[in-house]
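Trainee: Structure incoming, see below.
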Amino acid sequence: MTAAGSRARVDALREALATRVVVADGAMGTMLQAQDPTLDDFQQLEGCNEILNVTRPDIVRSVHEAYYAVGVDCVETNTFGANHTAAGEYDIADRVFELSESGARIAREVADEFTASTGQQRWVLGSMGPGTKLPSLGHIDYASLRDGYQRNAEGLLAGGADALIVETTQDLLQTKSGLVGARRAMDALGVSVPLICSLAFETTGVMLLGSEIGAALTALEPLGIDLIGLNCSTGPAEMNEHLRHLARHSRTPLMCMPNAGLPILTKDGAHFPLSPSAMADAQETFVREYGLSLVGGCCGTTPEHLRQVVERVRGTRPTVREPRPEPGAASLYQTVPFRQDTAYMAIGERT
């Protein structure tokens, strides 16, 4: 597609997010594993799902097709681990751009096919996962992480992603590195797409390193993100109070992609107990009470989960919110002509 066509598609996504509830897809990894890829498919890198973008694009396509077929507006790319630290665990950090670009291209092709065949515009969210190292604990330096995310984002944009989602973040410094890397990629390529920030909160109510929802919002909102919210870690029930806080205090539009409940360990592995109808109930309530603009699913969710979510929220406008931001140190950067520092800002932190 031409650059003008890509801009028109991105503009349509921005318009959709501003005027109605947009529905994304659900779990990716379990859908891929269900097709029993071989060790050769993984190029002997067992568990590296991103390799399948190159070796078995047919499997990856089938997952995207299954979600688009139930009516979702957008899918996430199979690039959750296509970042510097996660790929580095397999000694393939030099393939981050390749795996990111191929993952986005597969999703783009499927999205365009469904757009043409159904008349419903479909979009692609470029997934940027948290990686395996926490900079706040000194596992990796900030600049290396930021530059790795920039490469990740450049590949996603080159492959045709309509938005970038820095997701499942557990460390505010890691979150900032992903967001800044994504911005740098857009600047380098001369494009502008929506930038989504999705946080992972534990059952304890805080992020992995102890950050509370108010601290996260205060630290991240000045970075100019287009949506903020939660995904993974828990089911919707455990996200309720965090979303309530965001609805009351966030100037930024909201999103939510929960797991299908808290996992139950069985002899056959983790089982996610939340039914499709219960997930649809939760997302319908969140849209009504908290004004979510983007909803979807994470671990344990299936096309059937998303089919029922689509049925519940199709055509719904997000509830109008009247947020009252809480003053914080980072608020300074929203009211004076300073640029937000990308260094870690500890606000009300505890460990």
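Trainee: With every protein chain left in place and a probe of 1.4 Å, what is the accessible surface of Tyr149, to the nearest 10 Å²?
Mentor: 0
Trainee: Can you tell me which of Asp11, Asp268, Asp162 moves the most in a GNM of the chain? Springs connect C-alpha atoms under 10 Å apart.
Mentor: Highest fluctuation among the options: Asp268.
Trainee: Over the chain, what is the percentage of antiparallel beta bridges among all DSSP beta bridges, to the nearest 5?
Mentor: Taking every DSSP beta bridge with both residues in the chain, the antiparallel ones total about 10 percent.
Trainee: If you count, for each residue, the other Cβ atoms within 10 Å and average over each peptide, how do 17-24, 37-44 line up from highest to lowest?
Mentor: Going from most to least packed, we get 17-24, 37-44.
Trainee: While we're looking at this one, here's another question. For Ile140, what accessible area in Å² do you get when you roll a 1.4 Å probe over the heavy atoms of the protein chains, rounding to the nearest 10?
Mentor: Surface open to solvent at Ile140 totals about 30 Å².
Trainee: At 1.4 Å probe size, put His305, His139, His84 in order of accessible surface, largest to smallest.
Mentor: Of His305, His139, His84, the descending order of accessible area is His139, His84, His305.
Trainee: Roughly what would the spin-label model give for Glu98 and Ala237, points 7 Å off Cα along C-beta, in nm?
Mentor: 4.6
Trainee: What is the magnitude of the charge dipole of the range 177-249 about its Cα centre, with +1 placed on the Cβ of each Lys and Arg, -1 on the Cβ of each Asp and Glu, and no other charges, expressed in debye to the nearest 20?
Mentor: Using only the charged Cβ atoms, the result is roughly 160 debye.
Trainee: Also, quick follow-up: Using Cα centres only, tell me the gap between the range 56-98 and the range 167-246 in whole Å.
Mentor: Using only Cα atoms, the two centres lie 20 Å from each other.
Trainee: To the nearest 20 Debye, how big is the dipole of the range 50-204 about its Cα centre, given +1 on the beta carbon of each Lys and Arg and -1 on that of each Asp and Glu?
Mentor: 220
Trainee: Sticking with this structure for a sec: Not counting ligands, DNA or RNA, and with a 1.4 Å probe, what is Asp281's accessible surface area in Å² rounded to the nearest 10?
Mentor: 70
Trainee: Once the Cα gyration tensor of the range 1-41 is found, what semi-axes does its equivalent ellipsoid get, as square roots of 5 times the eigenvalues, in whole Å, sorted largest first?
Mentor: 34, 17, 4
Trainee: Can you tell me the mean projection area, over all orientations, of the convex hull of the range 72-175's alpha carbons? Units nm², please.
Mentor: On the way: hull surface 24.7 nm².
Result: a mean projected hull area of 6.2 nm².
Trainee: By accessible area of protein heavy atoms, probe 1.4 Å, what ranking do Ser117, Ser6, Ser211 get, highest first?
Mentor: Most to least solvent-accessible, the answer reads Ser117, Ser6, Ser211.
Trainee: So how many Å³ per residue does the convex hull of the Cα atoms of the range 1-144 work out to?
Mentor: Details: hull volume 19.8 nm³, N = 144.
Per-residue hull volume (Cα only) is 138 Å³.
Trainee: May I pose another question? Per residue, how much accessible area does the range 75-198 show when a 1.4 Å probe rolls over the protein heavy atoms, in square angstrom?
Mentor: 31
Trainee: What translational D, rounded to a whole number of µm²/s, comes out for the range 38-84 from Stokes-Einstein when the hydrodynamic radius is the Kirkwood one over Cα pairs, at 37 °C and 0.692 mPa s?
Mentor: Working: Rh = 11.5 Å.
Reported coefficient: 285 µm²/s.
Trainee: Name the residue farthest towards the positive end of the dipole of the range 77-219 from the options Gly131, Ala143, Phe80, assuming +1 on Cβ of Lys and Arg, -1 on Cβ of Asp and Glu, about the Cα centre.
Mentor: Checked the options; the winner is Ala143.
Trainee: Run the numbers for Leu137 and Arg324: contour at 0.36 nm per residue of separation, minus the present Cα-Cα distance, in nm.
Mentor: Contour length minus the Cα-Cα distance gives 64.0 nm.
Trainee: Hey, of (1) 43; (2) 28; (3) 24, which did the structure itself give for percent of Cα pairs over 32 Å apart when calculated?
Mentor: Here the calculated entry is (3).
Trainee: Counting only DSSP beta bridges with both residues in the range 202-330, tell me the antiparallel percent, nearest 5.
Mentor: 30
The values are calculated or read from the model by the stated rules, or taken from the named source; none is laboratory data. Remember, it's a predicted structure, so these values are computed and weren't measured experimentally. As a convention, Cβ positions derive from the backbone with ideal geometry for all residues, glycine included, and neighbour counts pool all protein chains shown. Note: areas computed on protein heavy atoms with side chains; ligands, DNA, RNA excluded. Shrake-Rupley method; radii C 1.70, N 1.55, O 1.52, S 1.80 Å.
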